[in-house]
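Chemist: One structure coming up, written as structure tokens, with questions to follow.
Derivation of every value follows stated rules applied to the coordinates shown; laboratory data play no part. This one's a predicted model, so the numbers in the text were calculated from it and none came from an experiment. FYI the Cβ positions are ideal-geometry reconstructions off the backbone, even for glycines, and counts take in every protein chain you see.
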Amino acid sequence: MPPFAPSDWPRNEFRAEAEVLWQWHYAAQAGEDSSVHRSKAHAICDEFNLPAHLVDAQFIEEGVPTIHTITDLFDYMDRSTGSHALLLAKLAGYTANWVEDPIRKFGRALFLTRSLMFLKEDLQAGRQFIPLDLLQKHNVDSTDLMEGRLSSGLRSVLWKQVVYARDAYASCRTLNSDLSGWCRRRFRIYWTGGLHTLARIESRKFDVWSKPVELTLLDKTRVYLQVYTGKTIR
């Protein structure tokens, strides 16, 4: 769930190039080392002087690795989502060193939010983004996760994932001043909407199994007002 999908880009401002980078990202995330998509992504890097290693970093040959610790999860997110987010930011013209860490943290924030929203679907597809040591600490096993047995232990696990996501959002809020134009507007929407999504998950007492996690009409109205009144990010 990296930021800045092709539809976010103005039509005359690298939308086609962003689409190429997204196609490679989707292929890499699916474990498909597509030579066509990789070659096209490398061609974009050559044309716009983007670091090609960020293309290659996104393909992890073994697929989603076993996530033993939060450090393992951070490493995986930075390689996959973080590398893609950095490529998009650089394509949009944000090449300064000081924006790289906030961009990676922004990618982490959205990845963690998405992994909570689609926990059930990820588990069914054989992807688990919750550290094993956190599950063991709270006596939660794979059956509890698959079936959504919401014990106090499982709620504690998901609460901790929300905390990691909130920390990532806090670490990237400087992008509100580092970005400008359409990038800044879209950042504010993702940032504010992401925090509202986490609040929605908490209000459901971490039940992400029984029905899809979606913002209510009231939530969406609040996001809109906060984004366009400028009172969301300090």
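Chemist: If the limit is 18 Å between Cα atoms, which of LYS120/LYS205; LYS105/LYS220; LYS160/LYS211 go over it?
Modeler: LYS105/LYS220; LYS160/LYS211
Chemist: Related question: For segment 66-229, rounded, prolate or oblate, judged on the Cα gyration tensor with a ≥ b ≥ c (square roots of eigenvalues), a/c < 1.5 rounded, else prolate if a/b > b/c?
Modeler: Taking the square roots of the gyration eigenvalues as a ≥ b ≥ c, segment 66-229 is oblate.
Chemist: With each label point set 7 Å from Cα along the Cα-Cβ vector, what nm distance links LYS160 and ILE60?
Modeler: 1.9 nm
Chemist: To the nearest 10 degrees, how steep is helix 217-229 against the longest Cα principal axis of the chain, on a 0 to 90 scale?
Modeler: Helix 217-229 sits roughly 40 degrees off the main axis of the chain.
Chemist: Give me HIS53, HIS25, HIS84, HIS42 ranked fewest to most by other Cβ atoms within 10 Å of their Cβ, as a rough exposure proxy.
Modeler: HIS53, HIS42, HIS25, HIS84
Chemist: Please order LYS90, LYS105, LYS220, LYS205 by the number of other Cβ within 10 Å, starting at the fewest.
Modeler: Going from sparsest to densest Cβ surroundings: LYS205, LYS220, LYS90, LYS105.
Chemist: Compute the distance from the alpha-carbon center of segment 29-91 to that of segment 170-234, in whole Å.
Modeler: Value for the Cα centre distance between the two parts: 25 Å.
Chemist: Pop the C-beta distance of THR216 and GLU147 into the FRET formula with R0 = 25 Å and round what comes out to the nearest 0.05.
Modeler: Efficiency for this residue pair is about 0.40.
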